[in-house]
């Protein structure tokens with residue numbers, strides 16, 4: 001993973017976006033390509049946090065968590081868990 005950020009969407013809800021490195025981008029593209037029309041799971045520390053429906057493959061290496069289902073504080077906790085799992089190291 002290259003970066004992770006929390007931002008405010010155009011509808012004023014908060015979202016989280018992860019920018020993946022080259023290998024992560026390839027894996028994410030394959031996963032989303034194979035899951036079009038179905039749901040894909042975001043799991044953090046063995047906890048299911050999000051299951052968006054995949055409408056099309058994602059080629060740009062961005063993994064969004066953005067349906068307005070989490071507050072800014074909850075997203076900050078998820079971000080912290082991801083960073084801790086990744087030891088805060090980005091490529």
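If only one of 49, 36 is modelled with pLDDT of 95 or more and more than 19 Å from residue 2 (Cα to Cα), which one is it?
Matching residue, one of 49, 36: 36.
Out of (1) in contact (Cβ under 8 Å) with a residue 40 or more places away in the chain; (2) crowded, with 16+ Cβ neighbours inside 10 Å; (3) within 19 Å of residue 81 (Cβ to Cβ), the odd one out for residue 61 is which?
Here residue 61 clears every test but (3).
Consider the stretch 7-43. How many of its residues are under 21 Å from residue 72 (Cβ atoms), within 11 Å of the chain's Cα centre (by Cα) and surrounded by fewer than 17 Cβ atoms within 10 Å (Cβ to Cβ)?
Final tally of qualifying residues: 2.
Filter the stretch 52-69 down to the residues that are within 17 Å of residue 38 (Cβ to Cβ), under 10 Å from the mean Cα position of the chain (by Cα) and modelled with pLDDT of 90 or more and list them by number.
Answer for the stretch 52-69, where residues must be within 17 Å of residue 38 (Cβ to Cβ), under 10 Å from the mean Cα position of the chain (by Cα) and modelled with pLDDT of 90 or more: there is none.
The values are calculated or read from the model by the stated rules, or taken from the named source; none is laboratory data. Small disclaimer: the values here were computed from a predicted structure and weren't measured. Neighbour counts are summed over all protein chains in view; Cβ atoms, including those assigned to glycine, are modelled from backbone coordinates with ideal geometry.
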